[in-house]
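Okay, so here's the structure we're looking at.
The values are calculated or read from the model by the stated rules, or taken from the named source; none is laboratory data. None of these values were measured; they are calculated from a predicted model. All Cβ positions, glycine included, derive from the backbone under ideal geometry; neighbour counts span all protein chains shown.
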């Protein structure tokens, strides 16, 4: 199944605006020593995360979308840009509401609701990701814990992951 994205990487980058996008990328390049291309992908996946939460509030509210710690740190950085973050949430993202932050490690989360609940929740948001941004590619794998698990441990192909059907909410 080849789904075309509704929202491109350029669309998401434009939500931040070129100056703030460049500031975030530069900050994380310098603070982590990461390669620019990799850091740009981290910022993109953070924006995809925020977009999903905003666009699909009714279906994703209260769910845990397991991104890697580095993505969470980019989100923290954006939150500290208080004016720009509020504008991003309330005026630029499709939901028009402030996205509050709560950190929890994936391992801790798995213990709270249990493995079955984690899988059920993944089956709720993975199809929405593919609908909005197209199928996961190998560049996304380092940033999304459960997708990497499905790919590496469950030996699902990226096509298999993209073909997952959404669960009813």
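Observations
- Residues that are assigned to a loop (DSSP other than H, G, I, E, B) and buried (at least 20 other Cβ atoms within 10 Å of the Cβ) were ranked within segment 65-98; the one that is farthest from the chain's Cα centre (by Cα) is 93.
- When segment 54-64 is limited to residues that are at pLDDT below 95 and assigned to a helix (DSSP H, G or I), the one that is surrounded by the most Cβ atoms within 10 Å (Cβ to Cβ) turns out to be 60.
- Within segment 79-93, the residues that satisfy the criterion of being in contact (Cβ under 8 Å) with a residue 40 or more places away in the chain and closer than 14 Å to residue 49 by Cβ are 88, 93.
- Positions within segment 32-50 being more than 13 Å from residue 71 (Cβ to Cβ) and either surrounded by 18 or more Cβ atoms within 10 Å (Cβ to Cβ) or in contact with a helix residue (DSSP H, G or I) (Cβ under 9 Å, 6 or more places away or on another chain) (or both), in sequence order: 35, 36
- Pairs linking a residue in segment 6-27 that is modelled with pLDDT under 95 to a residue that is outside any loop (DSSP other than H, G, I, E, B), with Cβ atoms under 7 Å and 6 or more positions apart or on different chains, are 6/131; 6/132.
- Just one of (1) surrounded by fewer than 20 Cβ atoms within 10 Å (Cβ to Cβ); (2) touching a helix residue (DSSP H, G or I) at 6+ places or on another chain (Cβ under 8 Å) fails for residue 19. It is (2).
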